[in-house]
Amino acid sequence: MCGIVGYVGEQSAVDVVVAGLRRLEYRGYDSAGVAILDGTTLQVERKAGKLANLDEVLANRSLPGTLGIGHTRWATHGPPNDANAHPHVDCAGAVAVVHNGTIENFEELVAGLGERGHARRSDTDTEAVAHLVEECYDGDLAAAVRTVCKQLEGSFVLVVAHRDEPGLIVAARRNLPLVIGLGDGENFVGSDVTAFIAHTRTARAVEQDQVVEVRRTGVQVTDLDGVVVEGETYHVDWDTDAAEKGGYEFFMLKEIQEQPDAVRDTLGGRLTPEGLLHLDELAMSDQDIRGIDQVVIIACGSSYHSGLVGKYAIERWCRLPVHVEMASEFRYRDPVVGRSTLVIAISQSGETADTLEALRHAREQRAWVLAVTNTIGSTISRESDAALYTRAGPEVAVASTKAVMAQLAAMYVVGLYLAQVRGTRDADEVRAHMHDLQEIPDLITELIGRMEPVRELARSLKDAQRVLFLGRHVGYPMALEGALKLKELAYISAEGFPAGEIKHGPIALIEQGTPVVILAPRHALQAKLINNIQEVRARGARTIVVATDGDDSVLPYADDVIWIPDTKSLLTPLLTIVPMQVLSAEVAAARGLDVDQPRNLAKSVTVE
Ligand code: M6R
């Protein structure tokens with residue numbers, strides 16, 4: 001959580017830094033602030049609330065200077081007010097610090113600082129860092145930051161500027177992401193590459209406990225003892241336009257539209273001339289793949305729902321047991337994983353702390369960990385044994401859409417590849433499934449083009465108190481996803497259930513008019529689903545049925561129908577998910593809510 005930018009170059013720093021913050025705002029929007037150094041004048045501006053509030057402040061201020069740092073906050077220590085907004089400064093206003101993370105020993109540090117006469121002006125853990133740098137500084141900012149980092153416990157990315165070092169910013173990292181952007185006569189640091197891709201595509205990831213000195217002319221990375229460390233750069237091929245709204249009212253609506261490409265690109269380049277799959281990214285020998293005796297999928301939120309769909313596909317095609325675990329619970333219950341376990345860690349951001357800690361635990365047990373992530377160079381991709389990148393491009397809206405879609409496509413590919421290598425599906429069948437998958441992008445495009453009835457439906461649900469989502473088989477994870485989306489975007493109480501489970505308790509929630517969305521595409525279990533629709537309808541539910549084009553069997557029991565194109569039943573999540581996304585976004589919009597930045601959330605959840 002929290003987005004961080006640092007810039008040293010020749011352009012107006014405030015412009016570059018604020019533009020970077022705009023792209024990072026998805027990481028937190030409780031407050032925003034900048035510190036700009038012009039010669040030896042250090043000016044700080046910060047404001048509670050979204051970046052737009054800081055924009056208003058900056059509109060009336062002149063902040064010249066070509067060196068700057070900036071921050072967009074997701075509050076941990078202290079409420080989201082002006083005083084707790086970053087950057088934080090030392091007693092003399094000479095040092096400015098922005099911070100992402102949690103300093104676990106800050107109370108002890110603050111007590112010591114108080115005894116030594118430092119006045120505290122905020123509730124944050126970050127302010128302690130500014131005062132510690134003040135104490136340690138004797139003309140070498142990087143040395144001071146290294147000394148301070150050794151005193152800190154917990155997780156942090158820090159970016160520090162000092163008014164006595166006009167051409168330098170110093171950044172440091174432990175456990176949280178920090179990327180360097182290498183430009184021409186200008187250099188950057190950011191929480192992720194979107195902070196600077198408008199200026200440079202050459203990036204370098206900062207590793208654990210490294211300190212970076214960023215000057216206009218170059219960048220030097222050291223460890224905490226000041227020993228210079230080399231590292232590799234990589235090219236970022238994300239399209240800058242993808243991180244802009246491009247005429248849409250919300251990023252989420254644009255990202256929904258981008259889903260056909262997300263699937264196409266994730267499937268692309270995976271077939272041999274013989275029409276078979278190759279998945280070199282898995283980096284496992286065929287022999288090791290044949291030796292896998294279980295698959296464990298770890299993920300959070302919507303990524304967890306993609307994992308659940310992966311379970312149905314892998315079990316069906318590979319006849320392997322698959323366990324899907326919420327990453328936040330995984331390592332605390334002593335899970336049974338070992339050398340012959342394939343662990344798949346799914347994460348759009350590649351930075352989710354729960355998933356990262358779970359995969360670290362799995363690796364300690366000697367399992368092989370495959371990251372399925374959308375973010376090249378992310379911590380989860382670097383700490384896994386192998387990484388399969390979903391190719392959804394940058395996703396800005398907090399509610400994940402195209403990245404989840406790409407994860408679903410990736411899970412089908414992984415399942416089919418394992419089946420091919422293990423010989424549980426023959427070549428013809430693999431080809432046939434790939435053919436079906438390759439038809440999906442066009443079906444999504446068609447489906448997106450007929451969402452007007454869903455928008456109308458959304459308007460009619462705007463005052464609902466509670467909405468239930470039901471599904472069977474692969475419809476169940478998508479029911480969970482539909483409920484999560486509605487909760488996070490529209491703040492409506494929503495629950496997803498396996499349709500067969502509802503009679504064991506949840507049916508008591510149904511009152512006259514309670515909306516119940518039932519995912520009922522054509523499927524072997526459809527007759528049972530129709531029974532479930534009747535059960536809830538008999539108790540007064542308003543039934544909203546997602547059904548396959550031309551399937552009239554649901555009509556007698558549906559108050560509203562959302563039609564989707566036909567595909568193989570195992571692949572239906574790639575289609576049923578679309579109306580769930582549109583519905584939640586439109587209900588939120590109808591309620592006057594911020595679709596891209598729902599309250600209390602952040603896109604990249606880097607705290608446990
Ligand atoms: O970056 P990740 O995929 O690891 O994020 C996991 C969840 O935080 C994420 O899917 C979250 O549930 C989204 N807000 C859902 O829209």
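Output the peptides 428-439, 298-309, 582-593 sorted from most to least packed, where packing is the average of other Cβ atoms within 10 Å over each peptide's residues.
Per-residue Cβ counts within 10 Å, averaged per peptide and sorted highest first, yield 298-309, 582-593, 428-439.
Plugging the Kirkwood radius over Cα pairs into Stokes-Einstein for the range 245-444, at a temperature of 20 °C and a viscosity of 1.002 mPa s, what D comes out in µm²/s?
Reported coefficient: 127 µm²/s.
Helix hunt in the chain: which complete DSSP H runs extend at least 27 Å axially by C-alpha with mean Kyte-Doolittle at least -0.5?
For the chain, where a helix must reach 27 Å along its axis and average at least -0.5, the hits are 402-422, 427-448.
Based on the Cβ-Cβ distance of Glu274 and Glu315, what FRET efficiency does E = 1/(1 + (r/R0)^6) give at R0 = 30 Å, to the nearest 0.05?
Step by step, r from the Cβ atoms, then E = 0.70.
Quick one: of Lys311/Lys487; Lys47/Lys150; Lys50/Lys311; Lys245/Lys487, which pairs are farther than 27 Å apart, Cα to Cα?
Table pairs above 27 Å Cα-Cα are Lys47/Lys150; Lys50/Lys311.
Give me the distance between the Cα centres of the range 314-388 and the range 80-154, rounded to whole Å.
One Cα centre to the other: 35 Å.
Quick one: the Cα spread of the range 3-242 along its three principal axes, in angstroms, biggest first?
Computed over the Cα atoms, the extents are 50, 43, 31 Å.
Which one, Leu109, Val212, Leu168, projects farthest toward the positive side of the charge dipole computed for the chain from Cβ point charges (K/R +1, D/E -1)?
About the Cα centre, the residue reaching furthest to the positive side is Leu109.
Using the crude model of +1 on Lys and Arg Cβ and -1 on Asp and Glu Cβ, and no other charge, please compute the dipole size for the range 245-444 relative to its Cα centre, in debye to 20.
For the range 245-444, the charge dipole is close to 280 debye.
Please work out the Cα center distance from the range 522-547 to the range 561-608, rounded to the nearest Å.
21
Rounded to a whole number of µm²/s, how large is the Stokes-Einstein D of the range 337-423 at 25 °C and 0.890 mPa s, given Rh as the Kirkwood radius over C-alpha pairs?
185
Once the other residues with Cβ under 12 Å from the Cβ of Leu437 are scored (Lys, Arg +1; Asp, Glu -1), what is the net sum?
That sum, taken over residues with Cβ under 12 Å, equals +1.
Under a no-solvent Debye model with one identical scatterer per Cα of the range 109-179, what's log10 I(q)/I(0) at q = 0.19, 0.22, 0.24, 0.27 Å⁻¹?
-0.79, -1.04, -1.19, -1.36
To the nearest µm²/s, what D does Stokes-Einstein give for the range 231-348 at 20 °C and 1.002 mPa s, using the Kirkwood radius over alpha carbon pairs as Rh?
Answer, rounded: 124 µm²/s.
Mind checking which aspartates and glutamates have their Cα closer than 19 Å to the Cα of Lys568? Skip sequence neighbours fewer than 8 apart in that chain.
Glu315, Asp426, Asp428, Glu429, Asp436, Glu439, Asp442, Glu446, Asp549, Asp551, Asp552
Quick check: from the Cα gyration tensor, does the range 504-583 come out rounded (a/c under 1.5), prolate or oblate?
In terms of gyration-tensor shape, prolate.
Please give the net charge around Ala358, taking every other residue with its beta carbon less than 13 angstrom from that of Ala358, where Lys and Arg add +1 and Asp and Glu add -1.
Spelling it out: positives minus negatives among the neighbours equals -4.
How many angstrom lie between the Cα centre of the range 186-250 and the Cα centre of the range 466-494?
Measuring centre to centre over Cα atoms gives 37 Å.
Over all alpha-carbon pairs in the range 452-590, figure out the percentage whose distance exceeds 19 Å.
Every Cα pair in the range 452-590 considered, those over 19 Å come to 42 percent.
Can you give the convex hull volume of the alpha carbon atoms of the range 40-148 per residue, in Å³?
About 110 Å³ per residue, rounded to a whole number.
Work out the length of the dipole vector of the range 123-197 about its Cα centre, built from +1 on the beta-carbon of each Lys and Arg and -1 on the beta-carbon of each Asp and Glu, and round it to the nearest 20 debye.
Here the size comes out at about 300 debye.
Mind checking which lysines have their C-alpha under 18 Å from Lys528, skipping anything on the same chain fewer than 8 residues away?
Within reach: Lys503.
Across every pair of different alpha-carbon atoms, what Kirkwood hydrodynamic radius in Å does the chain reach?
Value: 25.3 Å, from the Cα pair sum.
In the neighborhood of Phe469, defined by Cβ-to-Cβ distances under 9 Å, what is the net charge if each Lys or Arg adds +1 and each Asp or Glu adds -1?
Net charge around Phe469: -2.
So if each residue of separation counts as 0.36 nm, and I subtract the Cα-Cα distance between Asp164 and Met326, what length gain in nm does that give?
Taking Asp164 through Met326 to full extension adds about 53.5 nm, to one decimal.
Place a +1 charge on the Cβ of each Lys and Arg in the chain and a -1 charge on the Cβ of each Asp and Glu, then give the dipole magnitude about the Cα centre in debye, rounded to the nearest 20.
1480
Every read-out reported here was derived from the displayed coordinates using simple, explicitly stated rules and does not represent laboratory data. Note that the coordinates shown come from a computational prediction; the quantities given were computed from them, not determined experimentally. Virtual Cβ from ideal backbone geometry, glycine too; neighbours counted across all protein chains shown.
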